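The values are calculated or read from the model by the stated rules, or taken from the named source; none is laboratory data. Quick caveat: nothing in here was measured; it's all calculated off a predicted structure. Quick reminder, even Gly has a Cβ in these numbers, built from the backbone with ideal geometry, and neighbours come from all protein chains shown.
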Amino acid sequence: MSALEILDPSAERDPEGRPLAGRPPEGRTVALMDIRKPRGDVFLDELERLLTARGYAVERTMKPTFTKPAPADVRKEIAARCDAVIEALAD
């Protein structure tokens with residue numbers, strides 16, 4: 001297997017290596033969080049299609065606004081019901 005290079009969009013001059021998170025086993029629930037940036041829903045629609053085709057259950061959620069972190073109650077609900085979360089960033 002070849003090495004996977006992940007690019008960090010931040011302005012880090014000397015980025016640190018970060019290990020990839022392991023995939024949850026098939027059949028688990030993945031939360032897809034729309035942060036309300038334009039076209040984020042388009043990205044998540046395609047991601048949902050791919051995940052369900054691979055046997056994952058998907059729950060969709062969204063933040064009230066992209067300018068602030070998700071409220072604590074939203075984060076707690078995701079943590080209680082889902083095994084993993086993917087947050088969409090788009091423009």
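At a glance:
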item: Sole exception among (1) acidic (Asp, Glu); (2) within 27 Å of residue 4 (Cβ to Cβ); (3) surrounded by fewer than 16 Cβ atoms within 10 Å (Cβ to Cβ); (4) without any contact (Cβ under 8 Å) to a residue 24 or more places away in the chain for residue 26, by number; result: (4)
item: Residue in region 7-16 that is more than 13 Å from residue 83 (Cα to Cα), modelled with pLDDT under 80, part of a loop (DSSP other than H, G, I, E, B) and among the hydrophobic types (A, V, I, L, M, F, W, C) present; result: yes
item: Residues (surrounded by fewer than 15 Cβ atoms within 10 Å (Cβ to Cβ) and in contact (Cβ under 8 Å) with a residue 24 or more places away in the chain) located in region 38-56; result: 38, 39, 42, 54, 55
item: Residues within region 45-70 that are under 10 Å from residue 29 (Cα atoms) and in a loop (DSSP other than H, G, I, E, B), tallied; result: 2
item: Among residues of region 33-55, those that are over 23 Å from residue 79 (Cβ atoms) and small (Gly, Ala, Ser), counted; result: 1
item: Subset of region 71-88 [assigned to a helix (DSSP H, G or I), surrounded by fewer than 16 Cβ atoms within 10 Å (Cβ to Cβ) and touching a residue at least 40 places away in the same chain (Cβ under 8 Å)]; result: 81
